[in-house]
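Notes follow the structure.
The values are calculated or read from the model by the stated rules, or taken from the named source; none is laboratory data. Quantities reported herein were computed from a predicted structural model and do not represent experimental measurements. Neighbour counts run over all protein chains shown; Cβ positions are idealised from the backbone, glycine included. Heavy atoms of the whole protein, side chains included, go into the accessibility calculation; ligands, DNA and RNA do not. Shrake-Rupley method; radii C 1.70, N 1.55, O 1.52, S 1.80 Å.
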Amino acid sequence: MRPFMTDPATLASLEGQQYVVLRPAAEVGAFYATQQRILLERLPSGLPHPNTGHVTLRGFAEPDRVDALRDTVRSWAAALDPIEVAVEAIDGFPAPFQVLIARLRRSPALTAAYASLTRTLDATDLERIGELALDDWVFHLSLVYCAALSDDEWRAHLDASRRPIAPAPSELISAAEFVWYSGGAEHSEIVPLGPASPLA
């Protein structure tokens, strides 16, 4: 499976962190790859970016409790159905982040998954990072990290990129991924959504 991050500076910044993400690989995944390629051709060279699209549902700082965190994620995922993701716009997060994104529709399944993960985590003492309330969370796929651009460059590229997407590319995702960063590398495990199939 293609890693999300391989840039050395990005890996260093993620060391000791863990994430629960969704990886679109059908219609939304193809849309992401095309749009990212268009942006990278237009933007100054050398800007960091994910290797492939991912929808982050939560981040953690639990380098010494990866196994316990993985078990919690598995338990949460087992109670879910597949999750629909649909792109509604190309947009961006403002300074100081300056990230071009594919913004996702707040589908019932996506918002329910985020809310149920919050409830699951509230019963633990696991340390979460970058967490926002559901009403404040913007579901998205990060396309290019543009923090290195000047204010004027950023505004120009954001204005040139921002637009609604219709019809909205969409797909159904049947597994989450548990991703952790350790030893300067990315590690991941697929976590199926829904109960495990009984052994034959």
For this session: For F97, F31, give the ranking by accessible area with the largest first, probe 1.4 Å.
Result: F97, F31
Exercise. Å³ per residue of the Cα convex hull, for segment 1-111?
Worked result: 134 Å³
For this session: Using just the helices of the chain, give the 222 nm mean residue ellipticity in deg cm²/dmol: DSSP H runs with n ≥ 4 each add -39,500 (n - 2.57), and the total is spread over all residues, rounded to 500.
Result: -9500 deg cm²/dmol
Exercise. Of [x] 45; [y] 41; [z] 36, which is the value of percent of Cα pairs over 24 Å apart derived from the coordinates here?
Worked result: [y]
Exercise. So which residue, out of L47, L14, L69, gets the largest mean-square fluctuation from a GNM of the chain using Cα contacts under 10 Å as springs?
Worked result: L47
Exercise. Counting pairs of alpha carbon atoms under 8 Å apart in space and at least six apart in sequence, what relative contact order in percent does segment 39-194 give?
Worked result: 36 percent
For this session: With a probe of 1.4 Å, find how much accessible area the chain has per residue, and write the answer as a whole number in Å².
Result: 49 Å²
Exercise. In nm, to one decimal, how far is the modelled label at L132 from the one at S75, with both set 7 Å along Cα→Cβ?
Worked result: 2.8 nm
Exercise. Tilt of helix 66-78 relative to the longest C-alpha principal axis of the chain, in degrees (0 to 90, nearest 10)?
Worked result: 90 degrees
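Percent of accessible area on segment 113-169 owned by carbon and sulfur, 1.4 Å probe? Mind showing how you got there, number by number?
On the way: 1620 of 3150 Å².
Carbon and sulfur: 51 percent of the exposed surface of segment 113-169.
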Exercise. With every protein chain present, what accessible area does T34 have (1.4 Å probe, heavy atoms only), rounded to the nearest 10 Å²?
Worked result: 50 Å²
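Could you work out the local net charge near H157, counting Lys and Arg as +1, Asp and Glu as -1, over the other residues with Cβ closer than 14 Å to its Cβ?
-2
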For this session: Go ahead and set up a Gaussian network model of the chain, Cα springs under 10 Å, then flag whichever of G92, G184, G29 fluctuates most.
Result: G184
Problem set entry | Where only alpha carbons of segment 92-200 are counted, the Rg and the Dmax (Å) | 17.5, 61
Exercise. Tell me, what is the FRET efficiency for S174 and D152 to the nearest 0.05, using R0 = 41 angstrom and their Cβ-Cβ distance as r?
Worked result: 0.40
Exercise. Which residue fluctuates the most in the chain, going by a Gaussian network model with Cα springs under 10 Å, if the choices are S174, S13, S75?
Worked result: S13
